Amino acid sequence: MESLAVKQWMDSVIKPEQIEKYYNHGKDFIDEPFIQETLLKTRQPDKTRVREIMAKSLELQRLDFDETAALLNCTDENLWQEMYATGLQIKHKVYGRRIVFFAPLYVSNDCVNSCVYCGFRHENKETIRHRLTMEELEAEIKALVSKGHKRLIMVYGEHPSSDVNYIAETLKVAYATKLGNGEIRRVNVNAAPMSIEDLKILRDVGIGTFQVFQETYHHATYKKMHPRGLKSNMGWRLYASHRAMDAGVDDVGIGALFGLADWKFEVMGLLAHTIDLEEKFGGVGPHTISFPRMQPATNTPFAERSPNLVDNDTFKKLVTVIRLSVPYTGMILTARETAEVRNDVINVGCSQIDADSNIGIGAYSKDKVEHNTQQFELGDQRSLDEAIRDMAKMGYITSFCTADYRCGRTGGCFMGIAKKGNIHNLCQPNAILTFKEYLLDYASEKTRKEASYLIDKEFEALPNDNIKQTVKAMLDRIEAGERDLFL
Amino acid sequence: MQNRLLSILDNHSGQSGEDIIPSLDQCLKQAYPGLQTRWSRVYGRRRWAHIYGGGEIFCLNPLRVELGANYGLYIDNPELIPPGELDTIIEGLQQALA
C-alpha cells in the first residue's frame, strides 16, 4: 500500500488539460487502424519503389507513413544491404564521421509504477531502492568526469522523493562539479512525464535534452504493460515532449522499447510522434530517437518471454528504417546491446552511444556492478577508452561536443541546420577539438597511439583553409592547456 | 544607436525580453545591413536556448555577447559594426534586457 502522502502526490501530477490540448479532433496521434492498414497496403514493395524512397531519404527529407511502411515490409535481402549503406551515407551527410559519447547516470530508483517489464517496478521486492544524496551524486559525477565524460543522461524513477525539485537540484550539482580539467558540460534528463510548469523548472536550471520513451505506441499493449501507477495514463506520456516544447525545453528525445509490441508498429509510432511534433512546433521534431531493446532484469520474467522480442537481424533493420525515415535526427544506440551488435548496428546511421556505463544507483564511484539496483542488464561492458579505440578502428572519431546548446543552436535553429545537412560543418571541428582534449587528459597510451590518427585525418578532411586555420589555432591552444574551445 | 535601442525599450515598456528582441534585432539590421545575429535565452549555467534569428550556418569567429543574466547574442559578422560603436551597442542591449 502506498502511503497517503505518495497517493496525494500522485493525484496532483497529471493535468488532463495538458493532454487534451494537443489532441487532433479529440484523438491522440496514434491512429492504429491507419497504421495497420498502411502496413498491409505496402506489403511486397517493388525494388524501384524502395530505391525511390531511399533516394528521398538521401536528400534528407523525412519519409511519410506509406514510405516507411514500404521499407519495413521489404523482404529482399539485397535491398536491405542497400538500405544499410544508405543509412550510413545519410549519417555521414548529416553528422559526418563523428560519434557522440555520453554516460547514463541513474540517480534514483524509487518508483510508483508497475511496468511489467521493468526491474524498478514498485512491486519488485528484489530491487534495492536508493536515491542519491547530493554528496553521493557529486562522487558519481567525479567518477564519470575522471574517465573523460562531458555529457550525461541522468535517469530518475517516478516518485515524490525524486520530484522535479529534486531533479533540478541534481542538475545544479552536476553542472557545478569539477575535477581537474574536467566537468560535465551537458546534462540530459530521462524522467517521467511532467507538467509544463514543472518542465519550466528544469529549463531554468539548464537542462539539455528532456527524454521520455513511450515504451510502446500500441494502446492495448500499453495498457497491459502498465497496469497501475501514473504511467498507466498513456496520453500523459504521449505528450510529454509536447509539453517540454511548450515549456521552452526545445530539445526533446523520444523512444520505443522494442520487444513489447510488433516492431513494425513501433517504428510507425515513432514516425507518428515525430510528425505530430513537427506539425505542432514549426517543423521541430525530436532531437534524438532511441530504440532500446528489452533486456533481462532482476526478478522480471516477462522481459525474457515476451512474444515480441526482436532478434539481432530485425534490430538492425528497424534501426535502419528509423534512420531513413527521419534522416536529420540524432539516433542513440545504448550499451544495452552487446559490443558486437553495437559495432555492427552503428554502421547503419547511429550518431550517439554510451560507454563504460554502470546503471546501478551510486555504482560509478564504487566501481562495481550491482545487479539489484539496476533497471536491467547491460550488454556492452567496454570501458570508455576501449570503446573509443574500437570506434577509431572503424574510422569514427569520438566527440564530446556540447557546443550547440551553449551557443543558441537549439530547437528550430539546430533542426534548420541539420535538415539542410550542414550541421557536420560544426560537428567535425568540434569533434576534433573535444577528442584532442580527451587524448591529452584521459586516454590510455594504447588509445593515444591507435586513435590519434583521427585528429590528422579529420583535420585534413575539413572543407577549406579558413576552417583549418581556425581549428589549428584552437588545437594549439588546447595543447597549451586551454580547454572547452568550440565553434 | 544607444538612444534608438533605449527608445525601443520605452515603446515596449513592461514586455519581456522575448517580446522586445525582434524590434532590437530589426533596429540593428537597419543600421548595419547584412548583420547576422542569433539571440538566446540563457538558462542555468549552460543552456543558451534559441529564441530569435538564425545567423550564418557556419561562422568561424562569431562574437558571443552576454546580455545580463538572462539573454545572450551571437553576431556572426561583428566586423560590420565599427569597433567604437560595438561597445556602445552592447551596453545599450544590456540595459534594454537587464
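The values are calculated or read from the model by the stated rules, or taken from the named source; none is laboratory data. The structure displayed is predicted, hence computed values, not measured ones. Using ideal geometry, Cβ is built from the backbone for each residue, glycine included, and neighbour counts are taken over all protein chains shown.
Is one or more of the residues making up the range A:181-197 farther than 23 Å from A:ALA403 by Cα, in the same structural domain as A:GLY362 (by TED's automatic domain parsing) and part of a helix (DSSP H, G or I)?
Here is the first cut: in the range A:181-197, the residues farther than 23 Å from A:ALA403 by Cα are A:191-197.
This time we only want the ones that are in the same structural domain as A:GLY362 (by TED's automatic domain parsing), so: A:191-197.
Restricting the remaining residues to those that are part of a helix (DSSP H, G or I) gives A:196-197.
The answer is yes; a qualifying residue exists.
For the range B:38-61, state whether one or more residues are more than 10 Å from every other protein chain (Cβ to nearest Cβ), over 21 Å from A:VAL187 (Cα atoms) and part of a strand (DSSP E or B).
No: the range B:38-61 contains no residue that is more than 10 Å from every other protein chain (Cβ to nearest Cβ), over 21 Å from A:VAL187 (Cα atoms) and part of a strand (DSSP E or B).
On the basis of being of a type in the set (Gly, Ala, Ser), surrounded by fewer than 19 Cβ atoms within 10 Å (Cβ to Cβ) and either closer than 25 Å to A:ALA244 by Cα or more than 14 Å from every other protein chain (Cβ to nearest Cβ) (or both), does B:GLY14 make the cut? Explain how you work it out, then say what you get.
Values: of a type in the set (Gly, Ala, Ser): yes; surrounded by fewer than 19 Cβ atoms within 10 Å (Cβ to Cβ): yes; either closer than 25 Å to A:ALA244 by Cα or more than 14 Å from every other protein chain (Cβ to nearest Cβ) (or both): yes.
Here the answer is yes, as B:GLY14 does meet what is asked.
Test A:ASN181 against the criterion of being within 30 Å of A:ASP262 (Cα to Cα) and in contact (Cβ under 8 Å) with a residue 60 or more places away in the chain, and give yes or no.
Considered against the rule, which asks whether it is within 30 Å of A:ASP262 (Cα to Cα) and in contact (Cβ under 8 Å) with a residue 60 or more places away in the chain, A:ASN181 comes out as no.
Is it true that A:GLY330 is at pLDDT 95 or above and on the phi > 0 side of the Ramachandran plot? Break it down into steps so the answer makes sense when it comes.
Details: at pLDDT 95 or above: yes; on the phi > 0 side of the Ramachandran plot: no.
Criteria not met by A:GLY330.
Does the range B:76-98 include one or more residues that are within 12 Å of chain A (Cβ to nearest Cβ), assigned to a strand (DSSP E or B) and surrounded by 19 or more Cβ atoms within 10 Å (Cβ to Cβ)? Before you say what the answer is, go through the steps one by one.
Taking the range B:76-98 first, the residues within 12 Å of chain A (Cβ to nearest Cβ) are B:76.
Still in the list and also assigned to a strand (DSSP E or B): none.
There is no residue in the range B:76-98 that is within 12 Å of chain A (Cβ to nearest Cβ), assigned to a strand (DSSP E or B) and surrounded by 19 or more Cβ atoms within 10 Å (Cβ to Cβ).
I need the full set of residues from the range A:202-221 which are over 15 Å from B:ARG45 (Cβ atoms) and either assigned to a helix (DSSP H, G or I) or of a type outside the set (S, T, N, Q) (or both), in order please. Write out each step before concluding.
The initial filter retains those residues of the range A:202-221 that are over 15 Å from B:ARG45 (Cβ atoms), namely A:209-221.
Hits for the range A:202-221 are A:PHE210, A:VAL212, A:PHE213, A:GLU215, A:TYR217, A:HIS218, A:HIS219, A:ALA220, A:THR221.
Only one of (1) within 7 Å of chain B (Cβ to nearest Cβ); (2) outside any loop (DSSP other than H, G, I, E, B) is not met by A:LYS449, so which one is it?
Answer for A:LYS449: the failing condition is (1).
Return yes or no: is B:ASN70 within 12 Å of chain A (Cβ to nearest Cβ) and of a type in the set (S, T, N, Q)? Break it down stepwise before answering.
On the way: within 12 Å of chain A (Cβ to nearest Cβ): yes; of a type in the set (S, T, N, Q): yes.
Taking the combined requirement at face value, the residue satisfies it.
Report those helices (runs of 4 or more DSSP H) wholly inside the range A:222-318 carrying at least 2 residues which are without any contact (Cβ under 8 Å) to a residue 24 or more places away in the chain.
A:302-305
From the residues in the range A:337-351 that are surrounded by fewer than 21 Cβ atoms within 10 Å (Cβ to Cβ) and in contact (Cβ under 8 Å) with a residue 12 or more places away in the chain, which one is nearest to A:GLY283 (Cα to Cα)? Break it down stepwise before answering.
Within the range A:337-351, the first condition is being surrounded by fewer than 21 Cβ atoms within 10 Å (Cβ to Cβ), and the residues that meet it are A:338-341, A:343-344, A:347.
Checking which are in contact (Cβ under 8 Å) with a residue 12 or more places away in the chain leaves us with A:338-339, A:341, A:343-344, A:347.
Working: A:THR338: 35, A:ALA339: 35, A:VAL341: 33, A:ASN343: 32, A:ASP344: 32, A:ASN347: 27 Å.
So, considering only residues that are surrounded by fewer than 21 Cβ atoms within 10 Å (Cβ to Cβ) and in contact (Cβ under 8 Å) with a residue 12 or more places away in the chain, the one nearest to A:GLY283 (Cα to Cα) is A:ASN347.
Take the residues in the range A:452-472 that are in contact with a helix residue (DSSP H, G or I) (Cβ under 8 Å, 6 or more places away or on another chain) and polar (S, T, N, Q), then tell me which one is nearest to the other protein chains (Cβ to nearest Cβ).
If we filter the range A:452-472 for residues that are in contact with a helix residue (DSSP H, G or I) (Cβ under 8 Å, 6 or more places away or on another chain), which is where we start, we get A:452-455, A:458-459, A:461-463, A:467-468, A:470-472.
Narrowing further to those that are polar (S, T, N, Q): A:452, A:470.
On the way: A:SER452: 24, A:THR470: 5 Å.
It comes out as A:THR470.
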